[in-house]
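**Student:** Starting off with a structure, shown below.
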Amino acid sequence: MKIKRGRHRIVLTFKRIVIKIPRVYFKDGMANLLLELKHPQLFKYYRNTVLHDGTSKTSLFGGLICNWQERSFYSRTKLAILAPTYFSLFGLLNIQKMGQPIKIHDKDLLGQLIEITDKGVYSDPHTFENPDNFCILQGKISIVDYPLKTHRVLLDYGDKIQEKFDLSCDFWSKGNLHVETKRS
């Protein structure tokens, strides 16, 4: 078993499954809540955001929200590019299929995804540039971390990514092409 700690969740990886558990930042959450109560305009500004760092909602419930969004998106779409979420206990615990880790340089991952999605990956570069967020299932690339900001790209380009992504590519990491990192 391996343990990884992300911003919103703790991930336990086993041989065939991954378990995702929300992280709760109680101290930060309470401090943020007091600040939001003291300055109601902050609460008004953030109340419609799903996840925004520095808010009580994100500090206390960010991991739970991520788990719930992931489960809901998979259940609703069953996209082939998504690593299946087998079970969710109201976002308190997600159980997902474990794939083979992807062995590709982050520049090659991002470079291919920029091309395949016509720069659509800029909607959430944090997710799309990190090889740890991807795996291989049934010989094709799959995504294991699919927060809300990735959903539009995955709906629009998921099949194309699986069809065109070259797992052996090392074009960008060898310095053959500059990967544009700013949004155009």
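**Student:** Within segment 73-96, which residues are outside any strand (DSSP E or B) and closer than 17 Å to THR127 by Cβ? Talk me through it step by step, then tell me what you get.
**Tutor:** Filtering segment 73-96 down to residues outside any strand (DSSP E or B) leaves 73-81, 83-84, 89-93.
Correct list: PHE73, TYR74, THR77, LEU79, ILE81, ALA83.
**Student:** Taking segment 1-17 only, how many residues are out of contact with any Cys (no Cβ under 9 Å at 6 or more places or on another chain) and part of a strand (DSSP E or B)?
**Tutor:** So the answer is 9.
**Student:** Just the residues that are at pLDDT 95 or above, within 12 Å of LEU82 (Cβ to Cβ) and acidic (Asp, Glu), please, taken from segment 128-176.
**Tutor:** Of everything in segment 128-176, just one residue is at pLDDT 95 or above, within 12 Å of LEU82 (Cβ to Cβ) and acidic (Asp, Glu), namely ASP159.
**Student:** Still on this structure: Write out, first by first residue and then by second, each pair whose Cβ atoms fall under 6 Å of each other, whose residues are 6+ apart or on separate chains, and whose first residue, in segment 147-159, is closer than 15 Å to HIS126 by Cβ while the second is among the small types (Gly, Ala, Ser) and modelled with pLDDT under 95.
**Tutor:** LYS149/SER123; VAL153/GLY120; VAL153/SER123
The values are calculated or read from the model by the stated rules, or taken from the named source; none is laboratory data. Values in this document were obtained by computation on a predicted structure and should not be read as measured data. Virtual Cβ from ideal backbone geometry, glycine too; neighbours counted across all protein chains shown.
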